[in-house]
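Asks: Below: one structure in structure tokens.
The values are calculated or read from the model by the stated rules, or taken from the named source; none is laboratory data. In this text, all values refer to a predicted model and were calculated from it rather than measured experimentally. Cβ: placed from backbone, ideal geometry, glycine included. Neighbour counts: every protein chain shown.
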């Protein structure tokens, strides 16, 4: 496994998909995958297919919705957009994430000092 | 939580239309690939290279599809269905086991469902009236005299209805039987005599026509009648033009104003044909409306919403105090009580039915123990299969789940067949049910009962499936694989579980057998108890004179005199008499009395005795012996001094000094309640209330001195009952051609009918106990057979070493008896505790009857020995060579 590429957790991917959809508006699967790779500056290398498991999970929870539409270059594609419930969830999850990462960060610093 | 539910809903949708979702996903993947390929091409890759790289970026397509399907589907249900299919295959492989288990369960669940349908319809289901929980029976009590619940006088009821503020509506009813002459033969019909508010109280709309208005209840109103649907269909051929036409009740014309649906029953709660008339129109009770004394009107009220029973009772107390102050002569010492209508209706039948339900529940429990035992045996022989599955990666939870699903499949199969049996059983039960059982709701397997059966199947599956599944999943993997056949590989824990189950079955069977044995012995005592009068060759028929035509007591006396003379003139009918009431058949009339010269009864104690008015030959015809003094004779007529004959029990109770003859008693009915009667004779005791009730004090009066408008003609004859009745009918018709002769019964039939309730429960409990016995026997048979087959090798060695076949037989039987003894040790105390429940249903036998207990224990031990004997014989015949080669 390449050293500079990180494994990502399932829940984390869902969170990133939600954030992407919130920031970019409706996107198809390929678009979401590309966007996540770009933002992470290619630090996260995912099998783009795994994005679909995440999308199914989010749709089932009604946090995003999907509909067939036409892409820029006139292809039919399924576009996903974040729902109201999804925005709320994203907000909670993001706060959680920050709190936890802050705690972990503190713990790690203590460990280093100790 | 919400998100989770949404996800489940979405999964279910996708699961229900999998092809659509799959196709959608395929399209999406394809487009994604195209986009990736385009991107790669833009970066300058060759088309082939671009396509290959795109596949790499997207990931393995097969795996993606698999993950998607898993996410979209319902894995739990899918594996359940998979497990169920597998279970069906496994069960199909051992049809013997499956048949026994399913059949046992089906019997257990079927019997439970059938009994539950009765309990549900009779006891549990809310009464079929609008907001029935608001309905209460309101009655008067006189605690000092021990009067616990009686009706009202009409005047008191009126004040109660008008003065109270807690009941939104109240109505009074009384039951009566009137002669209906409309078309064809005159007949006696159940008549509810009611205040006009009855139907609005129950919120009951008529099927056709109208119900009573308050004007119909006023004196002088034209006579009107509401027919019950059953009567309308049965006696009037469902004539649609009946409303507005006229029918005759007791020879008086009534206009039909409405028809009530058959589902509405009150106050007659059985399915009988019935009609309703306003109280004011009744020939007897109508004339009692202006008397404040008397307690004959049964009152029901509907509590206003939001009023508690305590508040209502407080107001009732105020009203009773006010009544006592205003009319002390009639109301002093009386109080008002209320009880939910449902409780009042089901009170008497509730506990016997619940006992039956408990009993049939025990049968199911035994059945479950039996199946658990079978499953344990099977799990042992399937140890290898399970070991292989474990080796191939099945987790413990997975194995337990698989085995539980097998149990559930068994349970549901048994439940399905059991529900079928229940339909059949309910039909059978309906003719076994005592006719007096209140049947306000139809007894049938409805949705609620079906739900019960389903729940029962699932619970039963858990009951018999859990332990075997846990044991099986715990089995020692290596040992199971090594042992190959899994023949002797039963763990000590599992053997203990099996023995415990078998012993438990015996203990449960003992409880049921004890209860059934007690009821059976009690019933046989009831059958053989002497009622104190002749039963054989006795026929009884009722005649009731219409009070509009025969209004004077002298007419009643004259009619009876002439009729009896005519009947006695017929050859073969010389032994005939008249009585009101006829013992057992008609119930009883309990009257208070005073002894002349003795101080009047002080408050808190009352002298009462059962009252019978009889013709002079009554005692001779009935075979009631004379103890002292004389019987009545033809000189004891209304112009002669009043006389009375009393029973031995009355002498014992009220004349302990033996000086009864010549004493004078004051008692009687209207029209002469204060008549003084000299005691001229003492006769033997009679069980007049019920065969199971000890004879109480009785006082007889001559019919000529205390005539009544109706009564029973009793004939002792060796002629056939039908020719006796024909002769009576002929004579009655000669005197009055419109007079019906009703309720014709032979005395043996009357005795039979009076035993319907005890027979019903004895029969059912007997059947359940027999089922329990058979199940427990098969349980023991199973355990011992299995133990013998496990020990074939050991037995072979013993035989080879010179053990006699007797010794082998002894060894196996010892094991059996040990099991049986363990079961009995558990069973005896349980049976003694449980038999208390049936204690109040017993006649002439104690709930702890040692003889019954011993008989039941011996029976169980004998049956257990028999069940063990069959495998023991097989053990005796073990050929040592075969047994040793077996390994």
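Asks: Hey, among the residues in region B:13-29 that are part of a helix (DSSP H, G or I), more than 10 Å from chain A (Cβ to nearest Cβ) and out of contact with any helix residue (DSSP H, G or I) (no Cβ under 9 Å at 6 or more places or on another chain), which one's modelled with the highest pLDDT?
Replies: B:23
Asks: Can you tell me which residues in region A:65-92 are within 12 Å of chain B (Cβ to nearest Cβ), assigned to a helix (DSSP H, G or I) and surrounded by 14 or more Cβ atoms within 10 Å (Cβ to Cβ)?
Replies: A:85, A:86, A:89
Asks: Collect the residues in region B:661-675 that are modelled with pLDDT of 90 or more and either touching a helix residue (DSSP H, G or I) at 6+ places or on another chain (Cβ under 6 Å) or surrounded by fewer than 21 Cβ atoms within 10 Å (Cβ to Cβ) (or both), keeping them in residue-number order. It would help to see each step written out before you state the result.
Replies: The initial filter retains those residues of region B:661-675 that are modelled with pLDDT of 90 or more, namely B:661-665.
Matches in region B:661-675: B:661, B:662, B:663, B:664.
Asks: Considering only residues that are assigned to a loop (DSSP other than H, G, I, E, B) and touching a strand residue (DSSP E or B) at 6+ places or on another chain (Cβ under 9 Å), which ones fall in region B:674-703?
Replies: We begin by selecting, within region B:674-703, every residue assigned to a loop (DSSP other than H, G, I, E, B); these are B:674-675, B:684-697, B:703.
Listed by number, the residues that qualify are B:674, B:675, B:684, B:685, B:686, B:688, B:689, B:695, B:696, B:697, B:703.
Asks: Moving to a separate point now. For region B:134-240, which helices (runs of 4 or more DSSP H) that fit wholly inside it have 2 or more residues that are within 26 Å of residue B:287 (Cα to Cα)? Quick ask: steps written out before the conclusion?
Replies: On the way: elements: B:154-163, B:198-202, B:229-236.
It comes to B:154-163, B:198-202.
Asks: Does region B:858-872 include one or more residues that are exposed (fewer than 14 other Cβ atoms within 10 Å of the Cβ), farther than 21 Å from residue B:792 by Cα and modelled with pLDDT of 90 or more?
Replies: Checking region B:858-872: at least one residue is exposed (fewer than 14 other Cβ atoms within 10 Å of the Cβ), farther than 21 Å from residue B:792 by Cα and modelled with pLDDT of 90 or more.
Asks: What is the number of the single condition among (1) without any contact (Cβ under 8 Å) to a residue 12 or more places away in the chain; (2) touching a strand residue (DSSP E or B) at 6+ places or on another chain (Cβ under 8 Å); (3) within 9 Å of chain B (Cβ to nearest Cβ) that residue A:31 does not meet?
Replies: Failing condition for residue A:31: (2).
Asks: If you check residue B:835 against the conditions, is it within 26 Å of residue B:525 (Cα to Cα), outside any helix (DSSP H, G or I) and out of contact with any strand residue (DSSP E or B) (no Cβ under 7 Å at 6 or more places or on another chain)?
Replies: Numbers: within 26 Å of residue B:525 (Cα to Cα): yes; outside any helix (DSSP H, G or I): no; out of contact with any strand residue (DSSP E or B) (no Cβ under 7 Å at 6 or more places or on another chain): yes.
No.
Asks: A further question follows. Can you tell me which of (1) within 14 Å of chain A (Cβ to nearest Cβ); (2) at pLDDT below 85; (3) surrounded by 14 or more Cβ atoms within 10 Å (Cβ to Cβ); (4) at negative phi is the one residue B:60 doesn't meet?
Replies: Failed condition: (3).
Asks: Further question: Would you mind telling me which numbered condition in (1) closer than 30 Å to residue B:373 by Cβ; (2) in a loop (DSSP other than H, G, I, E, B) residue B:515 fails?
Replies: It is condition (2) that residue B:515 fails.
Asks: Looking at this structure, is residue B:107 over 26 Å from residue B:386 (Cα atoms) and within 14 Å of another protein chain (Cβ to nearest Cβ)? Full working, then the answer.
Replies: Details: over 26 Å from residue B:386 (Cα atoms): yes; within 14 Å of another protein chain (Cβ to nearest Cβ): no.
So residue B:107 does not fit the description; no.
Asks: When you scan region B:341-442 for helices (runs of 4 or more DSSP H) that lie fully inside it, which ones turn up with 1 or more residues that are over 23 Å from residue B:504 (Cβ atoms) and either touching a strand residue (DSSP E or B) at 6+ places or on another chain (Cβ under 9 Å) or not assigned by TED's automatic domain parsing to the domain that holds residue B:517 (or both)?
Replies: Numbers: elements: B:341-381, B:383-391, B:396-432.
Counting at least 1 such residues, we get B:341-381.
Asks: While we're here: Picking from B:43, B:69, which residue would you name as being in contact (Cβ under 8 Å) with a residue 40 or more places away in the chain, more than 51 Å from the chain's Cα centre (by Cα), more than 30 Å from residue B:429 (Cβ to Cβ) and assigned by TED's automatic domain parsing to the domain that holds residue B:6?
Replies: Numbers: B:43 fails: in contact (Cβ under 8 Å) with a residue 40 or more places away in the chain.
Among B:43, B:69, only B:69 is in contact (Cβ under 8 Å) with a residue 40 or more places away in the chain, more than 51 Å from the chain's Cα centre (by Cα), more than 30 Å from residue B:429 (Cβ to Cβ) and assigned by TED's automatic domain parsing to the domain that holds residue B:6.
Asks: Another question, then. So is residue B:561 more than 44 Å from the chain's Cα centre (by Cα), in contact (Cβ under 8 Å) with a residue 24 or more places away in the chain and closer than 24 Å to residue B:699 by Cα or not? It would help to see each step written out before you state the result.
Replies: Values: more than 44 Å from the chain's Cα centre (by Cα): yes; in contact (Cβ under 8 Å) with a residue 24 or more places away in the chain: yes; closer than 24 Å to residue B:699 by Cα: yes.
Answer is yes for this residue.
Asks: Does residue B:828 satisfy the condition of being out of contact with any strand residue (DSSP E or B) (no Cβ under 8 Å at 6 or more places or on another chain) and under 30 Å from residue B:880 (Cβ atoms)? Show your work before the answer.
Replies: Values: out of contact with any strand residue (DSSP E or B) (no Cβ under 8 Å at 6 or more places or on another chain): yes; under 30 Å from residue B:880 (Cβ atoms): no.
Judged against the criteria, residue B:828 is not a match.
Asks: Would you point out the residue of region B:63-85, among those that are more than 14 Å from every other protein chain (Cβ to nearest Cβ) and in contact with a helix residue (DSSP H, G or I) (Cβ under 7 Å, 6 or more places away or on another chain), that is modelled with the lowest pLDDT? Talk me through it step by step, then tell me what you get.
Replies: Quick first cut of region B:63-85, residues more than 14 Å from every other protein chain (Cβ to nearest Cβ) only: B:76-85.
Of the ones still in play, those that are also in contact with a helix residue (DSSP H, G or I) (Cβ under 7 Å, 6 or more places away or on another chain) are B:80, B:83-84.
Values: B:80: 79, B:83: 84, B:84: 86.
Only one residue fits best here, namely B:80.
Asks: OK, next. Any residue that is surrounded by 15 or more Cβ atoms within 10 Å (Cβ to Cβ), within 25 Å of residue B:303 (Cβ to Cβ) and assigned by TED's automatic domain parsing to the domain that holds residue B:155 - is there at least one of those in region B:237-247?
Replies: no
Asks: Since residue B:133 meets every condition but one in (1) buried (at least 22 other Cβ atoms within 10 Å of the Cβ); (2) touching a strand residue (DSSP E or B) at 6+ places or on another chain (Cβ under 8 Å), which condition does it not meet?
Replies: Going through the list (1) buried (at least 22 other Cβ atoms within 10 Å of the Cβ); (2) touching a strand residue (DSSP E or B) at 6+ places or on another chain (Cβ under 8 Å), residue B:133 breaks only (1).
Asks: Kindly indicate the residue of region B:369-396 that is touching a residue at least 24 places away in the same chain (Cβ under 8 Å) and farther than 22 Å from residue B:95 by Cα and also surrounded by the most Cβ atoms within 10 Å (Cβ to Cβ) among those meeting that condition. Please lay out each step first, then the result.
Replies: From region B:369-396, those touching a residue at least 24 places away in the same chain (Cβ under 8 Å) are B:369-384, B:386-388, B:390-391, B:396; that's our starting set.
With the extra rule that they be farther than 22 Å from residue B:95 by Cα, the set shrinks to B:387-388, B:390-391, B:396.
Numbers: B:387: 21, B:388: 13, B:390: 18, B:391: 11, B:396: 11.
Going through the qualifying residues, I end up with B:387.
Asks: Can you report the number of residues in region B:323-340 which are exposed (fewer than 14 other Cβ atoms within 10 Å of the Cβ) and assigned to a helix (DSSP H, G or I)?
Replies: Within region B:323-340, residues that are exposed (fewer than 14 other Cβ atoms within 10 Å of the Cβ) and assigned to a helix (DSSP H, G or I) number 4.
Asks: Still on this structure, I have one more. Take region A:12-49 and flag every residue that is modelled with pLDDT under 85 and loosely packed, with under 13 Cβ neighbours inside 10 Å.
Replies: A:38, A:41, A:42, A:43
Asks: Between B:35, B:45, which is within 9 Å of another protein chain (Cβ to nearest Cβ) and at pLDDT 70 or above? Explain how you work it out, then say what you get.
Replies: Numbers: B:45 fails: within 9 Å of another protein chain (Cβ to nearest Cβ).
Exactly one of B:35, B:45 is within 9 Å of another protein chain (Cβ to nearest Cβ) and at pLDDT 70 or above, namely B:35.
Asks: Take the conditions touching a residue at least 60 places away in the same chain (Cβ under 8 Å), surrounded by 12 or more Cβ atoms within 10 Å (Cβ to Cβ) and in contact with a strand residue (DSSP E or B) (Cβ under 8 Å, 6 or more places away or on another chain) and apply them to residue A:59. Does it pass?
Replies: Spelling it out, it is not the case that residue A:59 is touching a residue at least 60 places away in the same chain (Cβ under 8 Å), surrounded by 12 or more Cβ atoms within 10 Å (Cβ to Cβ) and in contact with a strand residue (DSSP E or B) (Cβ under 8 Å, 6 or more places away or on another chain).
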